[in-house]
Each structure stands twice: as structure tokens, then as C-alpha cells.
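Chemist: Pasting in a structure now, in C-alpha cells, and then I'll have a few things to ask.
Here, each number is a calculation from the coordinates, and none is a lab measurement. Predicted, not measured: the structure shown is a model, and the values here were computed from it. Note: ideal-geometry Cβ built from the backbone for every residue, glycine included; neighbour counts use all protein chains shown.
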Protein chains: 2
Amino acid sequence: MSEDSELIEQVIEQPDSLIISPPSDSSSSSYNHIQPFVYLESTATTQTNHNVLLILNQKITIDLISLWKKCEIIVCADGGANSLYEYFNDNNHHHHHENLQRSDYIPDYIVGDFDSISPDVKTYYESHGSKIIRQSSQYYNDFTKSIHCIQLHYQLNHTKENWFESIDEVDGLAKLWNGLNNSSDVVVDIDITIYVLNAIGGRFDQTVQSINQLYIMNEDYPKVTVFFITTNDIIFLLKKGVNYISYKNRLMFHKDNGSSPTPTCGLLPLSNKTPIILNSYGLKYDMRNWKTEMLGQVSSSNRISGETGFIVECSDDIVMNIEIDV
Amino acid sequence: MSEDSELIEQVIEQPDSLIISPPSDSSSSSYNHIQPFVYLESTATTQTNHNVLLILNQKITIDLISLWKKCEIIVCADGGANSLYEYFNDNNHHHHHENLQRSDYIPDYIVGDFDSISPDVKTYYESHGSKIIRQSSQYYNDFTKSIHCIQLHYQLNHTKENWFESIDEVDGLAKLWNGLNNSSDVVVDIDITIYVLNAIGGRFDQTVQSINQLYIMNEDYPKVTVFFITTNDIIFLLKKGVNYISYKNRLMFHKDNGSSPTPTCGLLPLSNKTPIILNSYGLKYDMRNWKTEMLGQVSSSNRISGETGFIVECSDDIVMNIEIDV
């Protein structure tokens, strides 16, 4: 990419179809490889990560079952348990599978201050084996409490299955996790991928706090990868440096309706470290030395030309979204 | 507020109910008075502004009719016309009014590149008198094109009703508007309030671009006030300085379900000018000299204690959302 190193800012309109090779391994620095759509493959090609499904409180509008089957553990944050329960109502037209039984889809953990979960739902899942962890602290939100639970599960569950018993009901998860971190020799550095439903698209302060936590988690726990899945798109973080985003083909996440073969995407500079300089290879409107920041230019309604992947180089962490339209 | 001028950052937990007086007029600088819920009042108390309804492309999930009746002109951005059309389908359970006739709710303008509007919908509204303005430019999005249309309407319509005829079909609205601005003597400085449906909560790049435009419009056209209305909340900008947000009572936008009388809100530092220092008077978790920025602390899941209003003083423009739950 050295030919693009001059500092002329430009946008190059590309053809709808491009083949982009992965970044050269000969480069001195490694790149960040992101496979956002592995969860949509019928047989996952790479299974190096521990996959987790985290359900927050909004109506579930995606095909939950395919994602569920890809995940090792399932966590509901407070009212997310209501959402899961209601997904199996007979009149729910969002699921694409026949003969679904609610009792076959029991979350491993339910976490939160429990101001949203209905008593009947709580009783149902408790009687079916879910581990119920009440945390009343108002200093952490339900998303953060769930992240603590997920990380503690992978640190502690293999030695003590009921690791969460007898913790403080106010903020025991946070205390336990912070305690582990402060005695750093006991924390095992494990790759975890968390698919989060309903963190984006509800109340706007919750959406923004979810994005804030996405940035903060990448700074604090770079081995934890988070994908927010919404009715419309998938949202994740590109890390400072070179990012290679790959997939089998674009039909995985974008139906070919005859009019446009290019899925829509955006690059969203929502951190406190801006402006960010972008270079992209494989987008419809490829950018060279392109300065982006809020109150300036933001790449929305861009499109993906790369048939099996594309590359984005960024001067600091930046949020990306890709439309899912299948 | 001089007693809070020391630079100690703190959060004060307030009672659920407070009476907050408007900021003192004796202060040397004036304050920004925001009345987000005037549109919900059966009889609007203040009608100094020109009210506009702008509908973007997503399913309409709010009570459209009450808002429609408060507005002087209605604009649909491209597929927003489909959303409006579908709102009047018989099987739509979101409207709360009987015997709605689609033909009684015809938008004044339909604007966009028209890659989303269905031909039948376009024909229907054209034959019922809507003014159809095609703008194919991919440099401006449908939201921005609509804003140009609204501003030009208020500048030109009183002298020439078909002001938009014979403009360039690529980016004629932008050229006309920029031309007016460059000959600044002809631009009349008019207070306009734009209620925007469906700008937030769909594809995430569109959500972020809407927020970006909210900040930019306030810099460029401070007399244009924008409220984004979603299924969950109302979103608007607090301006640098003192903001007084007032309403008749909290029941206007938050039903009293017995458990919590305090509506939820957030203060969201999404601009490129951060950190922002906040002082608030009338929130459940009132802030003093509170530093907020992305990747730092963000006030989400805060609540409103002020019975008829509250005050937020901010060191720069910041986005606010208030949950609507009626």
C-alpha cells in the first residue's frame, strides 16, 4: 500500500465487484482479521474462539436459533429473558423454524438488577436450570454486569461450577472480576467472541452506552470480540492499524435482488480520539488518507465491492456497521 | 448557580420529585429554552415556530396523526413515502384513530434519489397533489436533501409556489440553497422546528449520520430546531451554555405505572469537541462539574426529577434523549 502513502485525501469510486487479497504477511506488523459472518455459515470454518450469545431487553427480530446453535453459553441480561421467553410464543412470526420448544432453549445465566424480568419468566427459567445472578448496583448497567459474568465464567467455571454463589448481591460480579484482574497471575487470556442482541436500536442512551463499552472493552480486554446484531445490521470495532474483514461471499449477508450486488456499510468515528485517517481497499467509495470525525465528514451509505473481503486501515479504533439483508 | 463553581466533580442523588425554576433572567447571558413535548399537547401553548414533519424510511410506530395536525408542512424523504402509505393499511395496529383516510394525509413534498419509493406510492401521492422533487446526487443523503427542501420552502414559497421547478435533477436543491446563502441578504432568518421520524434506530450508519447532521445544522442554522422522534424516545441537542428544558408535567411523556415516576434520559457526548463539562439541576443523578466523553463516563439511564422542567449547563453542544413511554 506504499503507493498511497502521499497525504492527498481522495475518494475513489470502484466497480461493484473487486477481489481483494488479504494483507501481505511480509509486512512487519500483523493485521486484525475479522470474520463478522462466520455465525451465518452452516458449518463454522474456524472454531478457535469461544462463542457467547448475550440477549438484552428488546423484541428479538432475527433468526435466533441458528445463532444459538453456534454458541457455547447463553446469557440474558434482565429483561432479555422476557424477550427470549416471548420469542417462543405461538404468534411470533420472526422465527423460521418449525416446532420450536421453549424448554429446549434455556439460557445458562440470567444477570441484572431484575427491575425488568417478569416474575413468571424468572421462575420458569430458574426451574429449568438457568443460573440466576441478581446484581442490584446502579453503578453498572445490565450489559456491563453480563460482560463480567461471561468473563468470570471462562475464568472460574472449569474449576468451580457454582462460582457465583455467595457473592455480594449488590456488585459481587464486578468485585470478583476486579479482584481477579488485580491478581493478574490467575487471569487466563482466552479468546471470546460475544454476539449481543438488542444492545443497539432501543433507547438512544443505551445505544450510545453500548458503543462506549465496545471501545472501552477493546482497550481493557482486546481478546474479547464483540458483535452487536440488530434487525438491520452488524456492528463491530475496527482496531487501530490494518483490518482485514472477510467472508465466504457477499450473498451470505446480502440478497441479490437484481438491483444492487453491493451491501451497505458505514465507518463511524464515535470515540474521543478524532479525527481518524482512513484508507480502504474494497469499498465502493474507497478512501485514501480520508479524514473523518463527527461534525466533519462521516462515511455513511458506503458499499462493499470486495467479493470475499476488504481492508480498512485506520489511525485509531473506529466503529463499522454492515447491513444484513437476507 | 455560583455555589457550584468550585471544580469538584460530583453526582448528587436527588429525590424523585423536584420543582426547578427557570434560569434567572438577571444572568448576563440568555439561556436556550427547549420544549420537547409541545407537540403532545392538545392545544399548543406557544406557536411562535413553523413546525415541519419529516418522515424517513422506516415503519412508523408512533401516533402519526396527532403530530401531523401540529405541522404546517409535511415532507417525505424517498422511501418515507412508502412508510406513510403503509401507515394507512387496514391491518396497521399502530394508529389510535378511527376511520383514517389515506387521502386525507398527503405530504407537501417528496424528496430523494427515489431508489426506495415504490412506483405505485409515487404515482398515488403525485396524483393527490404532492410535489415530487427527484435529486439523484449521491453526495447528499435523503435527510440532507429534505432539509434543503424545507429551508427553501420557507425562503421561496411565499413568492413563488413552484420554486422547485426547473432545478437540476442531480443536486439542484443544494445549489439553490447554497446560492441563497452566498447572497446572504435574501435569506430570511426564520424559526423552524422540524420533527423527524425514522432518522434513528434503523441502519446504524444512518443513525450516526443523523446525529452528525444534528450537530452541523445547529452550527450552520441555529434557528432550525430538530427533534428526532423514535419508538422509544425523543432526541435533541443541548446548546453550549445554559439549557432550560420544560414541559407541562412528566405525565405528558411518561405514564405513572406506580413503580417509577421518573422518566429515563441520557446525555451523550458524540461530537468531536470533548470532554464536555456538565452541570444539571433537576435530574435524579444531578451532575456537578461532571466530565463526560466517549471512552470515559457517559450519563445513560439517568432520570428526570423536575416536575415541570430541569436545567443542564454544558461546556459544548451535547445530544440529549428522553424516553417516551405513554
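Chemist: Give me the aspartates and glutamates in straight-line cross-link reach of B:LYS291: C-alpha distance below 15 Å, same-chain residues under 8 apart excluded.
Modeler: Filter leaves B:ASP4, B:GLU6, B:GLU9, B:GLU313, B:ASP316, B:ASP317.
Chemist: Further question: With N set to the residue count of chain B, report its C-alpha Rg divided by 2.2 N^0.38 Å to two decimal places. List each step's numbers first, then the result.
Modeler: Values: Rg = 20.6 Å, N = 326, 2.2 N^0.38 = 19.8 Å.
Its radius of gyration relative to the 2.2 N^0.38 Å reference: 1.04.
Chemist: What per residue convex hull volume, in Å³, do the alpha-carbon atoms of region A:51-190 yield? Before the final figure, lay out each step's value.
Modeler: Numbers: hull volume 15.5 nm³, N = 140.
Output value, Cα hull per residue: 111 Å³.
Chemist: Can you pull the mean other chain C-beta count within 10 Å for peptide A:291-302? Each step should come with its number before you reach the end.
Modeler: On the way: counts 0, 1, 4, 12, 11, 4, 1, 7, 3, 11, 7, 1.
For peptide A:291-302, the averaged partner shielding equals 5.
Chemist: Moving on. Where the centroid of each part is defined by its Cα atoms, how far is region A:260-296 from region B:270-311 in Å?
Modeler: 29
Chemist: Here's another thing I want to ask about it. If you look for lysine pairs in region B:51-190 that are eight or more places apart or on different chains, how many of them have Cα atoms under 18 Å apart? Working shown, then result.
Modeler: Numbers: B:LYS59/B:LYS122; B:LYS122/B:LYS131; B:LYS122/B:LYS145; B:LYS131/B:LYS145; B:LYS131/B:LYS160; B:LYS145/B:LYS175; B:LYS160/B:LYS175.
Summing the qualifying lysine pairs gives 7.
Chemist: Now, a different point. Identify, among B:PRO261, B:GLY202, B:ASN289, the residue whose Cα sits farthest towards the positive end of the charge dipole of chain B, taking +1 on the Cβ of Lys and Arg and -1 on the Cβ of Asp and Glu, with the dipole about the Cα centre.
Modeler: After comparing all options, I get B:PRO261.
Chemist: What ranking do A:THR207, B:THR225, B:THR308 get, fewest neighbouring Cβ atoms within 10 angstrom at the top?
Modeler: Working: A:THR207 26, B:THR225 21, B:THR308 15.
Fewest to most other Cβ atoms nearby, the residues stand as B:THR308, B:THR225, A:THR207.
Chemist: Follow-up question, since we're still on this one. Using alpha-carbon pairs under 8 Å, 6+ residues apart, how would you state the relative contact order of chain A in percent? Please report the intermediate quantities before stating the final value.
Modeler: Working: 634 pairs, mean separation 77.6, N = 326.
24 percent.
Chemist: Sticking with the crude label model, points 7 Å out along Cα→Cβ, report the distance from A:MET252 to A:LEU7 in nm, one decimal please.
Modeler: For A:MET252 paired with A:LEU7, the spin-label model returns 3.7 nm.
Chemist: Kirkwood Rh over Cα pairs of region B:213-275 into Stokes-Einstein at 25 °C, 0.890 mPa s: D in µm²/s?
Modeler: Working: Rh = 14.1 Å.
Translational diffusion coefficient: 174 µm²/s.
Chemist: Something else about it: Let me know the mean shielding of A:263-269 by other chains, meaning the per-residue number of their Cβ atoms within 10 Å of its Cβ. List each step's numbers first, then the result.
Modeler: On the way: counts 0, 3, 3, 7, 2, 8, 5.
The per-residue average across the peptide is 4.
Chemist: Next question, about the same structure. What share of the DSSP beta bridges in the protein assembly as shown is antiparallel, in percent to the nearest 5? Don't skip to the end; give the middle numbers.
Modeler: Numbers: 66 of 122 bridges.
Expressed as a percentage, antiparallel bridges in the protein assembly as shown total about 55.
Chemist: Right, something else. Neighbouring Cβ atoms within 10 Å as the yardstick, rank B:THR274, B:THR231 fewest first. Working shown, then result.
Modeler: Values: B:THR274 21, B:THR231 18.
The fewest-first ordering by Cβ neighbours comes to B:THR231, B:THR274.
Chemist: Related question: Among the chymotrypsin sites (Phe, Trp or Tyr not before Pro) within region B:133-204, which fall in a DSSP loop and have no more than 13 other Cβ atoms within 10 Å of their own Cβ? Working shown, then result.
Modeler: Details: sites: B:TYR139, B:TYR140, B:PHE143, B:TYR154, B:TRP163, B:PHE164, B:TRP177, B:TYR195, B:PHE204; in loops: B:TYR139, B:TYR140, B:TRP163, B:PHE164.
Hits after loop and neighbour filter: B:TYR139.
Chemist: Provide the descending list of Cα extents for the protein assembly as shown along its principal axes, expressed in whole angstroms.
Modeler: Sorted largest first, the three principal extents are 79, 61, 53 Å.
Chemist: Here is a follow-up. Work through the residues other than B:GLU86 whose Cβ is under 12 Å from its Cβ and net out their charges, Lys, Arg +1 and Asp, Glu -1.
Modeler: Details: positive: B:LYS59, B:ARG102; negative: B:ASP90, B:ASP120.
Once all neighbours under 12 Å are counted, the net charge is 0.
Chemist: Also, I was wondering about something else. Based only on other Cβ atoms within 10 Å, what is the fewest-to-most ordering of A:SER127, B:SER259? Walk me through the numbers on the way to the answer.
Modeler: Details: A:SER127 9, B:SER259 6.
Least crowded to most crowded, the residues run B:SER259, A:SER127.
Chemist: Another question, then. Evaluate the relative contact order of region A:51-190 (contact order divided by residue number), counting alpha-carbon pairs under 8 angstrom at least 6 apart; express in whole percent.
Modeler: Working: 199 pairs, mean separation 28.5, N = 140.
Dividing the mean separation by the residue count of region A:51-190 yields 20 percent.
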